[in-house]
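Accompanying notes for the structure given below.
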Amino acid sequence: MTKHTPIIEKKFRRFLGDANEALMANLRAGRNRTPHLVDVVIEAARERLRESLDAAETLEAIREIASNLLGCENMVLLCIDRKTGAFYPFWSFGIDAAKRSMMEALEEPASYCAALGSTYIARDLEDQSASRQHPRVTVFVPIRYQGEIKAVLALLQFLPQKLGIDMIDNEIFRILSEEAGSMLFPEDAGAAASGSPERQS
Amino acid sequence: MASRKILLVDDSKTALLMERSMVERHSSYQCVTASNGLEAIEKAQSECPDIVVMDVVMPHMNGFEACKKMREQEKTRAIPIILVTTRGEENYIEAGFQSGCNDYITKPINGQEFLKLLQSYLGE
């Protein structure tokens, strides 16, 4: 399943360790949500994204999905610069993504998420006092367009009543990953439609 | 018995989509919607719902104010109101009950608990 190289794995081993620990703890804590209502939640997320007609609407849809379905009101969309491969804050809600310390904290795990190619859950670096049962986590979701990872959505500081990441959340992360990108990167859509191999930056 | 009617109020399309689907797929209740407090008061007057499920943080008029207004008006005074919000802090919950709500639940909604709560007010 993992696509990252041994070098990347070595570089990010400490994050991977945290992710596994946090993920397992949160999956245990999150089992109380109702299986037969899973489809309703997932379809609401998918429908909301699919009815968004441009980037602004898609960002609003992401904010609504995170707030109402995931229990998170702080988020940053980090785009990958095509030339340098570096991340830059494209949009944020609830936090100041322009702060240097914020970008420094997010860049490494976001890079790991992009290298991994799948959602990555990390324990909050500032969360020294939280219990092992309900650790605070930051979730990194790769945003794809036509199979390529264009950005990483970082979901930070989940609401206090949100005690765990469960299977519904994982499905929502998957939908965000697969469907949010189509309206966020219109220049890519234009390039793809015109058949141009060189996309504009 | 006529179908029970629920007024769902939220400025988030996502929340309305999800709540409406939960209610209509898993119960016989009927839904009407509003996207802010002012519209909620108008719909509560015109649609006479059996219960109101309302977000707190909304444009034009928030859920607390709308709840107070509904309690002041003869036609809507007795309608049960459930406030639904991301804000779970004690002072918000207290403000919710002071505004006259019957119940206060936090997002993200647990679907099963949400439907059980509706059933407790409306019956099966």
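Split the accessible area of chain B by element, probe 1.4 Å, and carbon with sulfur accounts for 46%. For B:Ala15, neighbours were defined as the other residues whose beta-carbon sits under 13 Å from its Cβ, and their charges (Lys and Arg +1, Asp and Glu -1) total -2. For trypsin sites (Lys or Arg not before Pro), the sites in region B:36-118 that DSSP calls loop and that have at most 12 other Cβ atoms within 10 Å are B:Lys75, B:Arg77. Using a cut-off of 15 Å between beta-carbons, work out the net charge of the residues near A:Arg100 (Lys and Arg +1, Asp and Glu -1, A:Arg100 not included). It works out to a net charge of -3. Placing +1 on each Lys and Arg Cβ and -1 on each Asp and Glu Cβ, with no other charges, gives chain B a dipole about its Cα centre of roughly 240 debye. Screening chain B for whole DSSP H helices of 24 Å or more along their axis (Cα) with average Kyte-Doolittle hydropathy at least -1.0 returns none. Are there any residues in region B:20-42 with a reduction of at least 20 Å² in accessible surface when going from the isolated chain to the assembly of protein chains? Probe 1.4 Å, please list them by number. Buried-area filter returns B:Met22, B:Arg25, B:His26.
The residues of chain B expose, per residue, 46 Å² of accessible area to a 1.4 Å probe. Buried accessible surface for the B/A chain pair comes to about 1900 Å², total over both chains, computed with a 1.4 Å probe. Label chain B by shape, choosing from rounded, prolate and oblate, from the square roots a ≥ b ≥ c of the eigenvalues of the Cα gyration tensor; if a/c is under 1.5 it is rounded, and otherwise prolate applies when a/b is larger than b/c, oblate when it is not. It is rounded, given that a/c, with a ≥ b ≥ c, falls under 1.5.
Counting Cβ atoms of other protein chains within 10 Å of each residue's Cβ and taking the mean over peptide B:107-115 gives 6.
The values are calculated or read from the model by the stated rules, or taken from the named source; none is laboratory data. Just so it is clear, the structure is predicted and the values come from calculations on it, not from any experiment. Neighbour counts are summed over all protein chains in view; Cβ atoms, including those assigned to glycine, are modelled from backbone coordinates with ideal geometry. With ligands, DNA and RNA removed, areas are computed over all heavy atoms of the protein, side chains included. Shrake-Rupley method; radii C 1.70, N 1.55, O 1.52, S 1.80 Å.
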